[in-house]
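Reviewing the structure listed below.
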Number of protein chains: 4
Amino acid sequence: MDNYPLNIGILGAGGYSGREAARLVAGHPKLRIAFATSESEAGTPVSRIARGAEGMLMRAENAPLGECDAVLLCLPHGESIKWAERARAAGAKVVDLSADLRVRTPQTPAWAREAVYGLPELHREKIAGADLVANPGCYPTAALLALAPLIDEELIAGPVIIDAASGVTGAGRSPKKDLLFAEVAEDFRAYAVGNVHRHLAEMRDQAVMLGGGGAPELVFTPHLLPVRRGILETIYVPLRERVESPFRLWENAFAGEPFVEVMDDRMPALADVVGTNRVAIGATMVDGVTRPMLLVVAAIDNLVKGAAGQAVQNLNLMFGLDETEGLL
Amino acid sequence: MDNYPLNIGILGAGGYSGREAARLVAGHPKLRIAFATSESEAGTPVSRIARGAEGMLMRAENAPLGECDAVLLCLPHGESIKWAERARAAGAKVVDLSADLRVRTPQTPAWAREAVYGLPELHREKIAGADLVANPGCYPTAALLALAPLIDEELIAGPVIIDAASGVTGAGRSPKKDLLFAEVAEDFRAYAVGNVHRHLAEMRDQAVMLGGGGAPELVFTPHLLPVRRGILETIYVPLRERVESPFRLWENAFAGEPFVEVMDDRMPALADVVGTNRVAIGATMVDGVTRPMLLVVAAIDNLVKGAAGQAVQNLNLMFGLDETEGLL
Amino acid sequence: MDNYPLNIGILGAGGYSGREAARLVAGHPKLRIAFATSESEAGTPVSRIARGAEGMLMRAENAPLGECDAVLLCLPHGESIKWAERARAAGAKVVDLSADLRVRTPQTPAWAREAVYGLPELHREKIAGADLVANPGCYPTAALLALAPLIDEELIAGPVIIDAASGVTGAGRSPKKDLLFAEVAEDFRAYAVGNVHRHLAEMRDQAVMLGGGGAPELVFTPHLLPVRRGILETIYVPLRERVESPFRLWENAFAGEPFVEVMDDRMPALADVVGTNRVAIGATMVDGVTRPMLLVVAAIDNLVKGAAGQAVQNLNLMFGLDETEGLL
Amino acid sequence: MDNYPLNIGILGAGGYSGREAARLVAGHPKLRIAFATSESEAGTPVSRIARGAEGMLMRAENAPLGECDAVLLCLPHGESIKWAERARAAGAKVVDLSADLRVRTPQTPAWAREAVYGLPELHREKIAGADLVANPGCYPTAALLALAPLIDEELIAGPVIIDAASGVTGAGRSPKKDLLFAEVAEDFRAYAVGNVHRHLAEMRDQAVMLGGGGAPELVFTPHLLPVRRGILETIYVPLRERVESPFRLWENAFAGEPFVEVMDDRMPALADVVGTNRVAIGATMVDGVTRPMLLVVAAIDNLVKGAAGQAVQNLNLMFGLDETEGLL
């Protein structure tokens, strides 16, 4: 194959998802790091974050966007969109890991409306044909894969409660007092309570895309866990009717999916998924309540399936590679 | 006062709640440890678990039940009830930290039906007159203090979801593979999913005591946190109608309570309560849903307000002491 | 007692040692917080950091230095000395928790040379008569209490190796990338290797004060532990001759000391001291080496005996209070 | 190659090193799991511990030793040797991860004296020709790689102090109270103090093999870290003379070694090696002491380079495969 490895630029390689992206690209048999940027670490070797990689981290403004096949944007929300535009203008495909392209607003420019929502298990074909992909948020990835079969089967009878907990890398690598070891260890707390987290709009938009007018209302409470990686979502779903062996819903919906693990005998834990690109899903009916309620638990690694791994999965699709390449 | 210190026997002082009870009694100005038992550590000094305490740990069968004013039973569920009976027969008051006396079944013997449910903020007067107290479970303590004002005001309009997480000391000190550091660290998992946890019956019984036929249905999912101590419960309550400034409900219901902290500007975290006998409660309406839903967060230290601290609070009441003695 | 409570000002109450100092003063029966400063949290209630305390955090420049009996300086190294001078000029006694007054250099001004090194177990009388106390560093506190009896008995025959590990609160509360939970958890590393840590000069000066020309050479390597609090020092001491029952050296040297716990059957661990003002010390001869070598292990809580607790112990001495008041 | 994959039996696949071995063999391009044993988990799928592996865990007594090319013995010390004998009798090559074959005593039977000490960086050729390999202990692996160049160059002038810390998986997966999360978290402690750890004999034997009569005396203190994996050793070496740029010693001794990383600008941390088969080594002269002293820091993952990874590295050598196969 003359065209391999493909050249991938990584913007924002100093943060947690950027470093994970750099590692995955460096270890991928058909991709290589064309360049990697970090404003705070420019001038240090890329090999510090991705063993074996060549060259030095550079500032984004010096990035040779035109010399790569695709870029992964691992930049802060709000900063990403302008680099998406530049990279597209330079002819590179784009996977944007920020929230900038995930939710369309009246202000979203026309070119950005072309962005495909990069959840391969739900939108594989569109992604394969896309040049611009909005990589899903970590919480929405787990929630949408947990809810999609229930929406699809029109089983949901009321507001869905998504009680979620994430490791600290989900909050980024900027030094903040709240994220110091001495503050996080031995603690656990809810944040963005009362349905005000940014990821809610993304979940709702996507739920409507899946279910139209029948999309459920969503209630979402994230918590900060004293762990480095991983998201666990415990989801309460009022059902139209009792379902036997509910795990079958996901087994059927995701048959053959390489990155979906349906558990038929227990619920997933972080330890089942950390370090992998998998989502693990389990489900059980709730005993002792009058109206049928289903409990679903979904787990992912927020930096892999919830960020950089899914981005590479999208790249694989966009370039016609085996979807699992570099991810097993 | 000639009668102080009161002599307190501690059965099961080798576990986490037993050790915490021993420490609290040893540091209490009006109580002293009369004896402490541990089957596995009998023969070692009590001072190993409670600095400054005298004597040696003994086996329960050697405990001089008749020589103490009260006993704290920190024994495994199922073993406690026989010691409660013996201690009562020997004339000692009893606070039972196990589940044995909390839920009445047709098999509960007559003498055990006298047990008062030891949640002082809800049953202070009964406790003050009791000789036999069933110390509440850790999860029910937080849940019932969070729900009592809502039940009392008849505000609840549907099933209540209690999504809870506990530190590992809640699972006891018996060596189990699941509780090894290498298994728990960096992990997070739900357990007893689908409404099958033992504490549910206790919560339901007590909810019915508070609300009669209007008591809400409860859905309860506990999770295991990689922390040593603390319980955080995130509770979703469908309401009959929207409530403004919901924290006022707890401020009113618990005005003057020394161990209830109502937060009006943020939600409680474990760090607010670990090491104390307090429950911290916060509440907010959920945005963006059609039918009113209230989010309540409650936090306690599972070994203090959820076990040994509440037991001492009960002892204080049973012996006419200041309720906060030894607990601030 | 008409004079109690004494009014204590706390400068730098937003950091870890400052917050610990505020908690200890607020809970002390004969001290009260006169004021507390924090540049970054000025305007928020002092009760946020010390339950029950009154008033608001203020900026240091607004601190009424003249209205308090003493100040605790919990400021960054280099900033503290000017506040020590101002507080002395305003008539307040001073305990400085920074390094500024611990080591005398040719540049140290005359007034600052009056500072007494505040290690009560070694310099109790001087501290009792002092108005200006340099509170020892956390690593030196443990090291000097471990070494003092050996220096005193002239037992040391060669360079002493102090291999130490500290919890992250020892590194302060300023947000730094290196101290984020995701960086520290599951890691362990040496820092300031090769005998270049600031605390070495302090240890050496004090060792010379104790041992004169016979003071041992010191080799010191600190490590960063993934825990919040605590210092453990494993110390290797070449001896002139083998010592039987070496723990007796500390038992004799520190007989009656309320905050020194000598272990005769095992070595101390962090869990023995965290949350207390104690130092725990154990010692054993090393088997299988030609020349006699003693292993000493010493543990303290870096924020209590290593900072704020020792500062309060010093205040107790300076004001003629019981040395243990507010510290048990 | 017709002969691949080679069939590897794993005895003791339920412990931490056994599970790591199963994962590495399952993911190795030229090895496969022939069988895996676990007394406590017999009857459950091997895929639970090594994704993608086939078959069920069995009891060791049922293991078809004759049907595999080699066995990895991940059994408790003392139990391993009899399985080594049986496997040899059945014609399988053996890598023993226990301590049973590492140190020769007068009781060691003749066949066991053939065991080659499996530290490839020091004994590559012997391993390549061996049928029976004693896989080194975790602490000795790091210590010997740190000391070998110094012994070789005859630079050591006195007793060497090895102050070491290990994550909890080093203590095995048997449920013990001491290893519960609630005991280990936020703690740090020395154990086997005074030069009594089993690994010392192994280190000494090997040091003598390397240095003959000039082998240094060793002082070794292990500590238990609240992390899951990783060993860091901070080593103090009295030198005959000062060495400039001491890292060069390891660069020269281990030039081209795929699993040795010499750091020339900082000291290694656990985070540099966890999850890899590498040892990372840094060194610096100690300032401010009269007689030259070198500080060396070495880090490995105790389950990989300290156990299962090194075992696979040995298998690769024994079967003429690329030494890094399945390990990068």
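The values are calculated or read from the model by the stated rules, or taken from the named source; none is laboratory data. The structure displayed is predicted, hence computed values, not measured ones. Methodologically, a virtual Cβ is constructed for each residue, glycine included, from the backbone with ideal geometry; neighbour enumeration extends over all protein chains shown.
When region A:186-219 is limited to residues that are facing chain B (nearest Cβ under 9 Å) and not in a loop (DSSP other than H, G, I, E, B), the one that is nearest to the chain's Cα centre (by Cα) turns out to be A:L200. From the list A:R278, A:R248, which residue is without any contact (Cβ under 8 Å) to a residue 24 or more places away in the chain and more than 10 Å from chain B (Cβ to nearest Cβ)? Just a single option satisfies the conditions, and that option is A:R248.
If only residues of region C:16-63 that are under 24 Å from C:D301 (Cβ atoms) and out of contact with any helix residue (DSSP H, G or I) (no Cβ under 9 Å at 6 or more places or on another chain) are counted, the one that is nearest to the other protein chains (Cβ to nearest Cβ) is C:G27. Within the span defined as region B:284-304, one or more residues are touching a Cys at 6+ places or on another chain (Cβ under 6 Å) and either under 19 Å from B:E233 (Cβ atoms) or without any contact (Cβ under 8 Å) to a residue 40 or more places away in the chain (or both). Please enumerate the residues belonging to region C:160-185 that are surrounded by fewer than 22 Cβ atoms within 10 Å (Cβ to Cβ) and either more than 15 Å from A:V184 (Cβ to Cβ) or within 10 Å of chain D (Cβ to nearest Cβ) (or both). Within region C:160-185, C:G172, C:S174 qualify.
Of the numbered criteria (1) touching a Pro at 6+ places or on another chain (Cβ under 6 Å); (2) of a type outside the set (S, T, N, Q); (3) crowded, with 20+ Cβ neighbours inside 10 Å, the one C:R242 fails is (3). Confirm whether D:R228 is at pLDDT 95 or above, touching a strand residue (DSSP E or B) at 6+ places or on another chain (Cβ under 9 Å), not aliphatic (A, V, I, L, M) and not assigned by TED's automatic domain parsing to the domain that holds D:L119. So D:R228 fails the test.
Does at least one position in region D:193-203 carry a residue that is basic (K, R) and at pLDDT 95 or above? No, that holds for no residue.
Could you tell me which of the residues C:P140, C:P136 is within 17 Å of C:P222 (Cβ to Cβ), assigned to a loop (DSSP other than H, G, I, E, B) and under 14 Å from the mean Cα position of the chain (by Cα)?
Every option except C:P136 fails the conditions.
Residues in region B:87-118 that are touching a residue at least 24 places away in the same chain (Cβ under 8 Å) and of a type in the set (S, T, N, Q): B:S98 only. For D:E79, the criteria (1) under 23 Å from the mean Cα position of the chain (by Cα); (2) in contact (Cβ under 8 Å) with a residue 24 or more places away in the chain hold in every case but one, which is (2). Scanning region B:286-315 for residues that are over 28 Å from B:G15 (Cβ atoms) and among the charged types (D, E, K, R), we see that the one that is nearest to the other protein chains (Cβ to nearest Cβ) is B:D287. Within the span defined as region B:238-245, one or more residues are of a type in the set (K, R), touching an Asp or Glu at 6+ places or on another chain (Cβ under 9 Å) and more than 10 Å from chain A (Cβ to nearest Cβ).
Table: residues versus (1) touching a residue at least 24 places away in the same chain (Cβ under 8 Å); (2) in a helix (DSSP H, G or I).
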{"site": "B:I8", "(1), (2)": "yes, no"}
{"site": "B:G14", "(1), (2)": "yes, no"}
{"site": "B:A22", "(1), (2)": "yes, yes"}
{"site": "B:H28", "(1), (2)": "yes, no"}
{"site": "B:R32", "(1), (2)": "yes, no"}
{"site": "B:G43", "(1), (2)": "no, no"}
{"site": "B:S47", "(1), (2)": "no, yes"}
{"site": "B:G52", "(1), (2)": "yes, no"}
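Any residue in region A:119-129 that is away from chain B (no Cβ under 14 Å), in contact (Cβ under 8 Å) with a residue 12 or more places away in the chain and closer than 30 Å to B:P292 by Cβ? Taking every residue of region A:119-129 in turn, none turns out to be away from chain B (no Cβ under 14 Å), in contact (Cβ under 8 Å) with a residue 12 or more places away in the chain and closer than 30 Å to B:P292 by Cβ.
Within region A:89-104, one or more residues are surrounded by fewer than 22 Cβ atoms within 10 Å (Cβ to Cβ), outside any helix (DSSP H, G or I) and among the β-branched types (V, I, T).
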